[in-house]
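Please treat every number below as a calculation from the coordinates, not as lab data. Worth saying up front: this structure is predicted, and the values here are computed from it rather than measured. Cβ placement follows ideal geometry from the backbone for every residue including glycine, while neighbour counts extend to all protein chains displayed.
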Amino acid sequence: MKTIFAVLLMALSVQSCQNRKSDLTTVEDVLNNPAEYLNREVSIQGIVSGVDSARQQFRIIGEKEFEECGVDKCNANEQLPVRFKEALPAIKDRVEVSGQITKTEKGFVYEAKSVRNIKDISAE
């Protein structure tokens, strides 16, 4: 009986991890169609391309964009603004943010509820 319970628990854990990965959205998907994600809980992985401490904001770009361009001016239109009320990550950090896309007078912004630094996106 204990073995069956342990196997079921492992299966649920694996399924939970698989579901979590499928819930991830790319920076590019959100930038291409922000209205689709408006007021929905979404998790996004990306690279921090800029930080504005005075406004409690940072910007993220996609992994592919980072590999092609780094965090330079060539990806100015490929950045997703993220507001976060706690400690901000550093430029070039790989992060997973969880929160909601909201609309402001100036456009769309991602309101992060949590930010988690990750070492290697492909290992997640």
Label point distance in nm, Arg116-Lys92, each placed 7 Å from Cα along Cα→Cβ: 2.4
Ranked Asp29, Asp23, criterion: other C-beta atoms within 10 Å, fewest first: Asp23, Asp29
Proximal lysine pairs, the range 25-123, alpha carbons under 25 Å, eight or more residues apart or interchain: 15
Per-peptide average of other Cβ atoms within 10 Å, ordering 75-84, 55-64 highest first: 55-64, 75-84
Backbone HN-Hα couplings from phi across the range 100-109 [Karplus 6.51/-1.76/1.60, Hz, Gly and Pro as x]: 9, 7, 10, 9, 10, 4, 8, x, 9, 9
Approximate spin-label separation Leu31-Asn77, in nm, with each point projected 7 Å along Cα-to-Cβ: 1.0
Mean Cβ neighbour count within 10 Å, used as a protection proxy, ranking 41-52, 98-109 highest first: 41-52, 98-109
Relative exposure of Glu36, Glu96, Glu67, judged by other C-beta atoms within 10 Å (fewest first): Glu67, Glu36, Glu96
